[in-house]
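Worksheet: the structure to be examined is printed underneath.
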Amino acid sequence: MDGLLISLVSIGVTILFVLGVPIFLVIGFWVVGVSLVIDFTLANIGVTLFEGLNFFGLLALPLFILTGDLINNAGIAKRLSDFAYSVLGWMRGGLAMASLGACGLFAAISGSNSATTATIGSIMYPEMRENGYDKNFAAATIAAGGTVGIIIPPNIIFIVYGFLMNLSISDLFIGGLLPGMLMVVGMQFACWYIARKNGWGHLIRFDIRRVARTALGAWLGFFAILLVIWGIYSGKFSPTEAAGVTAGFCLCVGLIMYPLNKMLGEVKENEGEGKQVVRALLVRGFTVGELPRLIMRSGQITGLLAPLIAISVVMQQILSLLGANEFVTTALGNLGGYYPILFACMLIVLVAGTILESLPNTIILAPILAPIAAGIGVDPIHFAVIFLVGDAIGFITPPYGLNLYVASGITGIPYFQLLRYTLPYLFALLAVWFLVIMIPDFSTILLTQEGAGVYQNAK
């Protein structure tokens, strides 16, 4: 009887999901409904919700989200995209490839896939349209570029994964660096092929002076990236401290740059070389009056993510009570062999990623699949990277495909109209995923010690 009622509850919330009810409410309704069926005391839910958020590392969430907003409003994101275009604009599809590169650079500071898609998309989509690209392909490009937001460090999902699996978050960040770069390169190759085939995009002459000038203009973005990577890799910062330092750096830069730009005055023709260099070094910045809006926006996003994390933890616990862990372990164990079990785990991640956001997907599945992978000898850091690359692919995979919704909202192009144009990027990401699975060194070679992260406390 309980099984029938649980099935009815699951069917009911699935219908709500299809009708467009937010995933947080869908999971919440399922948790309450199943709790009533199995007599799981609802009072325990409050305790579990608290424990699900009682983790110091989660403080990095709002800080990295705020960092992304500060970078965008200060004008640093635009400078990064200009640099990427100056390097790649001489190739067919160079502007679209530059958009993907800019996504990788921005993701290395913001740590968010949706923020990466929204920020770079709002900058690069109009430029791609003016540059002769098909509007659907341009929108699909910015949607695909945002997938690296949860792989290239720092990123929010690695923080949650490290919290759940008691792994070093710093090691997870380092492990995701090379695979994230591979994802960008793989998508750029697909972009170049499609653009070359269709003749999309205007070419610009490669000019080392333009590259140097745009690199100089993007120096603050590069400094922020290096600050995060150096601090975490050297052990000077924990991920949470790195988030605080980066947010503080971007805050100071934005507030200082605004009055300096005002003092410099308007752009004039035939400016001296010295003044041009000064202009290149300065970004737009922002005023103190803009800070409440930026902080409020970051708080709103965090307010959406935090309850989702907590309720997903409760859902995972209820699934454990129902025997989901044992069922999946037994089913996969019957497959026998290293690769059959590993690829079955990945299939589960990929399928779940098509219908769930990355956060609940990670919270629900990681505690189930990670011990299975460890049991067949997969390095925990390597499996974490494999897991989250598969999770990232779900951002452009229907029926959910969060980045497709974000890109649709930015461009006004219907969701389903974008699907066909994301297929080349999807195939490229699947190819990179396979390489990461088959070659563990992509995930572990930068770690300072063999098997780093195993049984370590999250930093």
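The values are calculated or read from the model by the stated rules, or taken from the named source; none is laboratory data. In this text, all values refer to a predicted model and were calculated from it rather than measured experimentally. Cβ atoms come from the backbone with ideal geometry, glycine included; neighbour counts cover every protein chain shown.
Residue-wise test of (1) hydrophobic (A, V, I, L, M, F, W, C); (2) in a helix (DSSP H, G or I); (3) modelled with pLDDT of 80 or more; (4) in contact with a helix residue (DSSP H, G or I) (Cβ under 9 Å, 6 or more places away or on another chain).
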residue: 283; (1), (2), (3), (4): yes, no, yes, yes
residue: 291; (1), (2), (3), (4): yes, yes, yes, yes
residue: 296; (1), (2), (3), (4): yes, yes, yes, no
residue: 301; (1), (2), (3), (4): yes, yes, no, yes
residue: 304; (1), (2), (3), (4): yes, yes, no, yes
residue: 310; (1), (2), (3), (4): yes, yes, no, yes
residue: 316; (1), (2), (3), (4): no, yes, no, yes
residue: 319; (1), (2), (3), (4): yes, yes, yes, yes
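Screening the candidates 153, 126 for the property of being within 13 Å of the chain's Cα centre (by Cα), closer than 23 Å to residue 218 by Cβ and not β-branched (Val, Ile, Thr) yields one hit, 153.
Report yes if residue 287 is surrounded by fewer than 18 Cβ atoms within 10 Å (Cβ to Cβ), in contact with a helix residue (DSSP H, G or I) (Cβ under 6 Å, 6 or more places away or on another chain) and within 30 Å of residue 76 (Cα to Cα), otherwise no. The answer is yes for residue 287.
I'd like the full set of residues that are free of Cβ contacts under 8 Å to residues at least 40 places away in the same chain and crowded, with 16+ Cβ neighbours inside 10 Å, limited to the range 1-15.
Initially, the range 1-15 is screened for residues free of Cβ contacts under 8 Å to residues at least 40 places away in the same chain, giving 1-5, 7-15.
Correct list: 9, 13.
Residue 347 satisfies every condition listed in (1) assigned to a helix (DSSP H, G or I); (2) surrounded by 14 or more Cβ atoms within 10 Å (Cβ to Cβ) except (2).
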